[in-house]
Amino acid sequence: MTFLAKPKIHHPSLPVNALGFTRRDYEGPVSTLCAGCGHDSISAAVIQAFFELAVPPHRVAKLSGIGCSSKTPTYFLGQSHGFNTVHGRMPSVLTGANLANRSLLYLGVSGDGDSASIGLGQFAHLMRRNVDMTYLVENNGVYGLTKGQFSATADKGSRSKRGAANDDEPIDLVMMALTLGASYVARGFSGDKDQLVPLIVGAVRHKGAALIDVVSPCVAFNNHPGSTKSYDYVRAHNEAVNRLDFMPERAPITTSQAPGETRDIVMHDGSTMRLKRLDAEYDPSDKVGAMAYLESHRARGVVVTGLLYVAENASDMHDALQTVDAPLNQLPDAELVPGSAALAGINASLR
Amino acid sequence: MTMRGLARTNDFVVKFANVNGSGSASANALFAKAILRMGVPVAARNIFPSNIQGMPTWYEVRIVEAGWRGRRGGVDLMVAMNPETWKADVTEIEPGGYLLYDATRPLAAGRARADVTAIGVPLTHLCQEAFADPRQRQLFKNIAYLGSLSHLLSIEAEVVESMLSEQYKGKAPLLDANRKAFRLGYDWSSEHLAPLGLRVERRDRVGDRIFVDGNSAAALGAVYGGATVCAWYPITPSTSLAEAFQRYCRKLRVDKATGRHRYAIVQAEDELASIGMVVGAGWNGARAFTATSGPGISLMQEFIGLAYFAEIPAVLFDVQRGSPSTGMPTKTQQADVLSAAYASHGDTKHPLLFPEDPTEAFEMGALAFDLADRLQTPVFVMLDLDIGMQDWLTEPFRWDDSRTLDRGKLMTAEELEAGRDFGRYLDVDGDGIPFRTVPGTHPRRGAYFTRGTSKDRYARYTEEGPAYVDNMQRLLRKFETAKSLVPGPVIETATQPARAAVVWYGSTGAPMAESLAVLADQGVHLDRMRIRAFPFADAIPEFIAAHDHVFVVEQNRDAQLRALLLNECGIAPDKLIPVLHYDGNPLTARHIESEIGEKARALGLVRGRPAVAAD
Ligand SMILES: Cc1ncc(C[n+]2csc(CCOP(=O)(O)OP(=O)(O)O)c2C)c(N)n1
Ligand code: SF4
Ligand SMILES: [Mg+2]
């Protein structure tokens, strides 16, 4: 018996996606974060992205660590299983979940403290293992939940709300993901939903580890003039390298842009991601170029956003492990337990 | 040398002193197996340091027709192949014993002992003559001394040769070279030396038993228990468990048509990640495990608490070693009992299984996965280096083909569709175990949020005191239920009515039967109870209540199982008398005899006249 997702009956005027779901089917309970928190805008982008992706909500597993950011999976995809794990360790739990069932879509949500401080090791190893997932870092440069300590992504020289300066070098998770072999690497800004939604859609469609580092101001502890993760700072210093659009599978590809401004990327599921280049120089398939671009802009205090790197035809951890197509958690006893005859052979070899 | 050496049949100890990495291990294993093939039981142990190259390593084989499983202590024949440890090795030989050495260079005066028969075989010389390749010359010295021993100890040469044929089936050049090396030692010794007073004589005392290490057995148990995900980080003495799982999976879990794997093994970046992966896989409905040792268990603490509180099945094989800290990584102990039983912060406790040998490591290795799913909690299989890394003569593995994997209370899509009430932390039938769903089961029902924070019966976040207490009490009820699901104790009564008893668990059982036989001869009669699991089944406190004095034998400094018994069963502390051994070497019967004997005499527990020991 198979169970197909049947959307609840909704007001007929609400727009529906290809599966007949409305945006509401991808929502969760009301957020308890501070009003104006960047994380809530990211939740809204997640809801919109999954609505556009038109996947049955229960086929998504959402996992997170600990922090205000890691709380957000409560507030979207209410019909999906969720798991608030422990601080900084979402990557290992998600890796295990993915090993158990490769047929679900995995969304990992984390914060900058969660991923760049306590969880930096697990972040790195998930990227290099190329676990098929979308990894969202809701990056506010601060520990929101524990009330305003610097995190490891806080820029050198930035000031805390109480005026203390950060003297340590920041960790750039985007740069790390590039060097560690992530096959889809992007940066977004919680204040730019138009850019963020397609970045999430692309990440979910991508096979392999997809990182989106989303600058997400903390209105309570890191939105003051001295902060480089405030709304004002990012709006003033943001430079988008490209914009994404999505072509549904088999839809006729029409182009209205002048040649040279767009680039189509075929995803492993057959759909097409269309990149509108804002910066004609920028080539998202060139990893070394991406690093140089990021570094030169960082030196000028410019936050580069957009899809920074994507490898087409990427593989994932299951390819490397050569696991069967069927999810491991659904294999019947007969395929798992070798039985007494095989055991007799083993006994014989041990005499 | 003309002195008369020891004369014993099927009851003596041979020890091999080798250099780690010199290829001696396979020759030594052949030696032990050849004796088993002659129907004579052996108890064998590797003694090794933690370095890989150039360091001493010993292999001790107790040939013991009586079938005792422990070390005896003392050495009757030393095969001294490591010049570095020569002095200590020679000292260890019992008076009247024997010393086998490489006589390529003459033995300097004063290097042997007057009360020991030194037997020289020019092993290096023989191999140099027979083999051209320098690597082979080195390697085949081991097989050559096996040939010598075969002659000296009256081990049937055909038995060894047929084992070589099995081992190198289809590899003719290797087989020929091995045979040649064996004959080199055998023929030279037959020509120049008389057989020793130590003799192996064919018997029929082995039956269908197998010779295997506990880590391989536990790994095979995991295969039969349906484990599909293994995440681990290398640490002695658990590494060979994960490696054996890989080996068995390659053999037993590969889809024939596609070559694809019905398992996933990940060498994680550390133990935090390995247990994290296990928790993730368990949450998602796969049977998952990790293999580690004490230091790894310490690193896993936070996740173990999460898995306990969020009720996620997980299996941890803890192959215990000398602790604390790096301690004695290549030595055995039972020193993680308390840290595993109460692992993590807050009020937590976890089921522990204590296999006594590889056979039980297999059985409990499989059972642990049923228990973890049934109880929805982390389950520890407590091996130790002695069980895990030593080859034991043990009952063959058995599997009942009618057995199915017990997945526990897993609510299906059909049940959800039919409208069955689903409360993730709701106790529907009083056993404290709620139903769970795995992600993706049903489009609209059964999804919930898993978290380490407190929640109500329907998995809704709450910090309300009563809801928290309600949940913690249910977890206690679940632990109560576990008492009847885990293996109960094995109880045996003494041949004479006894006021006193002895309790043990795990590898401590190896020398126990032998020491109890000796104690009974001395008039110390004890009832016995082998504990196989925590939480303690009701039969355990009942047994203790029925005795005035109970010796608790274990391999750690702080009498950890005793502490657990006191804490969990409310027993008067005076009643439980610790008998401890924790120097890292496997326990001997002699040690237990003398410790219990002395304490029993002080307590006036010696009954009647000590019987005269037979022969
Ligand atoms: C092992 C452990 N150490 C410390 C904490 C306390 N803690 C909770 S959230 C947090 C920082 C979260 O920062 P971040 O990931 O940036 O999330 P944000 O709240 O800023 O979104 C800390 C230190 C914890 N929960 N667990
Ligand atoms: S403290 Fe900061 S990060 Fe946390 S909810 Fe408030 S604004 Fe958001
Ligand atoms: Mg933060």
(message) Tell me the angle of helix B:301-310 to the major Cα principal axis of chain B, expressed in degrees between 0 and 90 and rounded to the nearest ten.
(response) 40
(request) Mind jotting down the distance between the C-alpha centroids of the stretch A:42-87 and the stretch A:291-315, whole Å? (result) 26
(request) Quick one: angle between helix B:560-569 and the longest Cα principal axis of chain B, in degrees between 0 and 90, rounded to 10, please. (result) 30
(request) Would you mind getting me the FRET efficiency between A:ALA165 and B:LEU476? Use the beta-carbon distance for r and R0 = 60 Å, nearest 0.05. (result) 0.75
(message) Checking the cross-link filter: which aspartates and glutamates have an alpha carbon closer than 14 Å to that of B:LYS599, excluding same-chain neighbours under 8 positions apart?
(response) B:ASP548, B:ASP574
(request) For chain B, calculate the relative contact order in percent as a whole number, restricting contacts to Cα pairs under 8 Å that are 6 or more residues apart. (result) 12
(message) Tell me the angle of helix B:134-152 to the major Cα principal axis of chain B, expressed in degrees between 0 and 90 and rounded to the nearest ten.
(response) 80
(request) Check the straight Cα-Cα distances from A:LYS287 and name the lysines below 22 Å, setting aside those fewer than 8 residues away within the same chain. (result) A:LYS207, A:LYS276
(message) 7 Å from Cα along Cα→Cβ at both A:ALA344 and B:ARG8: what's the point-to-point distance in nm?
(response) 3.9
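Gain in length, B:ALA513 to B:ARG260, computed as 0.36 nm per residue apart minus the alpha-carbon separation, to one decimal in nm? Can you show the working numbers first?
Working: separation 253, 0.36 × 253 = 91.08 nm, distance 4.67 nm.
Answer, rounded to one decimal: 86.4 nm.
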(message) Compute, for the protein assembly as shown, the length of the dipole vector about the Cα centre, with Cβ point charges of +1 (Lys, Arg) and -1 (Asp, Glu) only. Units Debye, rounded to 20.
(response) 380
(message) Please compute, for the alpha-carbon atoms of the stretch B:332-455, the extent along each of the three principal axes and give them in descending order in Å.
(response) 54, 41, 26
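Given C-alpha coordinates of chain A, what is the ratio Rg to Rh with the Kirkwood estimate of Rh? Mind showing how you got there, number by number?
Working: Rg = 21.4 Å, Rh = 21.2 Å.
Reported Rg/Rh, Kirkwood definition of Rh: 1.01.
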(request) Starting from the Cα of B:LYS87, draw a straight line to each of the aspartates and glutamates and keep only those under 18 Å, dropping any in the same chain fewer than 8 residues away. (result) B:GLU60, B:ASP76, B:ASP102, B:ASP115
(message) What's the magnitude of the charge dipole for the stretch B:212-394 around its Cα centre, counting Lys and Arg as +1 and Asp and Glu as -1 at the beta-carbon? Answer in Debye, nearest 20.
(response) 680
(request) Among B:VAL90, B:ALA109, B:TRP232, pick out the residue whose Cα is farthest towards the positive end of the charge dipole of chain B, where Lys and Arg carry +1 and Asp and Glu carry -1 on C-beta, about the Cα centre. (result) B:ALA109
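Below 8 Å, C-alpha to C-alpha, sequence gap of six or more: please give me the relative contact order for the stretch A:104-260 in percent.
On the way: 282 pairs, mean separation 37.7, N = 157.
Result for the stretch A:104-260 is 24 percent.
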(request) Taking all pairs of distinct Cα atoms, average 1/r, flip it, and tell me the Kirkwood hydrodynamic radius of the stretch B:255-408 in Å to one decimal place. (result) 16.2
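Stokes-Einstein at 25 °C, 0.890 mPa s, Kirkwood radius from Cα pairs: D for the stretch B:496-566 in µm² s⁻¹? Intermediate values should be presented prior to the final figure.
Working: Rh = 12.8 Å.
Rounded, D is 192 µm²/s.
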(request) Give the Debye-formula value of log10 I(q)/I(0) at each listed q (0.11, 0.12 Å⁻¹), with one equal scatterer per alpha carbon of chain B, two decimals each. (result) -1.09, -1.23
(message) Give the separation of the Cα centroids, the stretch B:389-452 to the stretch A:124-145, in Å.
(response) 31
(request) Set the Förster distance to 60 Å, then compute FRET efficiency between B:GLU414 and B:ARG111 from the Cβ-Cβ distance, nearest 0.05. (result) 0.15
(message) For the stretch B:413-485, report the % of Cα-Cα distances exceeding 19 Å.
(response) 39
(request) Any chance you could check the stretch B:194-232 for residues losing 40 Å² or more of accessible area when the partner protein chains are in, compared with the chain on its own (1.4 Å probe)? (result) B:ILE210, B:TYR224, B:THR228
(message) Please list log₁₀ I(q)/I(0) at q = 0.07, 0.10 Å⁻¹ for the protein assembly as shown, using the Debye equation with identical point scatterers on the alpha-carbon positions.
(response) -0.69, -1.13
(request) Show the residues, 5+ positions off or on another chain, whose built amide H is closer than 5 Å to the amide H of B:VAL79. (result) B:LYS15, B:PHE16, B:ALA17, B:LEU100
(request) Rounded to the nearest Å, what's the spacing between the alpha carbon centres of the stretch B:546-587 and the stretch B:330-371? Just the number, please. (result) 17
(message) Excluding ligands, DNA and RNA, what is the accessible area buried between chains A and B, summed over both sides, using a 1.4 Å probe, to the nearest 100 Å²?
(response) 5500
(message) Taking every pair of distinct Cα atoms and averaging 1/r, then inverting, what Kirkwood hydrodynamic radius in Å comes out for the stretch A:26-77?
(response) 11.3
(message) Can you order the peptides B:154-164, B:408-418 by their average number of other Cβ atoms within 10 Å per residue, highest first?
(response) B:154-164, B:408-418
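Please identify every one of the GluC sites (Glu not before Pro) in the stretch B:436-527 that sits in a loop by DSSP and has no more than 12 other beta carbons within 10 Å of its own beta carbon.
Values: sites: B:GLU463, B:GLU464, B:GLU480, B:GLU492, B:GLU514; in loops: B:GLU463, B:GLU464.
Counting only loop positions with at most 12 other Cβ atoms within 10 Å, the GluC sites (Glu not before Pro) in the stretch B:436-527 are B:GLU463, B:GLU464.
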(request) Stick to the Cα atoms of the stretch A:264-351, pair each with every other, and give me the Kirkwood hydrodynamic radius in Å at one decimal. (result) 18.2
(message) Can you give me the orientation-averaged projected area of the convex hull built on the Cα atoms of the stretch B:264-336, in nm²?
(response) 5.0
(request) Beyond 26 Å between alpha-carbons counts as too far, so tell me which of B:LYS141/B:LYS171; B:LYS251/B:LYS331; A:LYS71/A:LYS161; B:LYS251/B:LYS483; B:LYS349/B:LYS455 fall in that bin. (result) B:LYS251/B:LYS331; B:LYS251/B:LYS483
(message) At 7 Å along Cα-to-Cβ for each site, give me the label-to-label distance between A:GLN322 and B:ILE491 in nm.
(response) 5.2
(request) Calculate the mean, over all residues of peptide B:413-420, of how many other protein chain Cβ atoms lie within 10 angstrom of the residue's Cβ. (result) 1
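In the stretch A:137-181, what trypsin sites (Lys or Arg not before Pro) fall in a loop by DSSP, with at most 16 other Cβ atoms inside 10 Å?
Within the stretch A:137-181, the qualifying trypsin sites (Lys or Arg not before Pro) (loop, at most 16 other Cβ atoms within 10 Å) are A:LYS147, A:LYS156, A:LYS161, A:ARG162.
What is the extension gain from B:GLU201 to B:ASP176, computed as 0.36 nm multiplied by their sequence separation minus the C-alpha to C-alpha distance, in nm to one decimal?
Using 0.36 nm per residue and subtracting the Cα-Cα distance, I get 6.3 nm.
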(message) What do you get for chymotrypsin sites (Phe, Trp or Tyr not before Pro) in the stretch B:411-470 restricted to DSSP loop and a cutoff of at most 10 other Cβ within 10 Å of the site's Cβ?
(response) none
(request) Normalise the Debye intensity by I(0) for the stretch B:8-199, one equal point scatterer per Cα, no solvent, then take log10 at q = 0.13 Å⁻¹ and round to two decimals. (result) -0.64
(message) Under 17 Å from a point placed 7 Å out from the Cα of A:ARG351 along the Cα-to-Cβ direction: which residues of the stretch B:376-407 have their backbone N that close?
(response) B:392-399
(message) If I take every Cα pair under 8 Å that is 6 or more residues apart in chain A, average their sequence separation and divide by the length, what percent do I get for the relative contact order?
(response) 15
(request) Quote to one decimal, in nm, the extra length available between B:LEU426 and B:ARG250 on full extension: 0.36 nm per residue of separation minus the C-alpha distance between them. (result) 59.3 nm
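Can you divide the C-alpha Rg of the stretch A:121-190 by 2.2 N^0.38 Å and report the result to two decimal places?
Normalised Rg, Cα atoms only: 1.25.
At a Förster distance of 56 Å, what's the computed FRET efficiency of A:ASP286 paired with B:ALA130, Cβ-Cβ distance as r, to 0.05? Spell out each step's value before the answer.
Working: r = 62 Å, r/R0 = 1.11.
My answer for the efficiency is 0.35.
The values are calculated or read from the model by the stated rules, or taken from the named source; none is laboratory data. Computed from a predicted model, the values in this text were never measured in an experiment. A quick note on method: Cβ atoms are made from the backbone with ideal geometry, for glycine too, and the neighbour counts reach across all protein chains shown. To get the accessible areas, we keep the full protein, side chains included, count just its heavy atoms, and leave off ligands, DNA and RNA. Shrake-Rupley method; radii C 1.70, N 1.55, O 1.52, S 1.80 Å.
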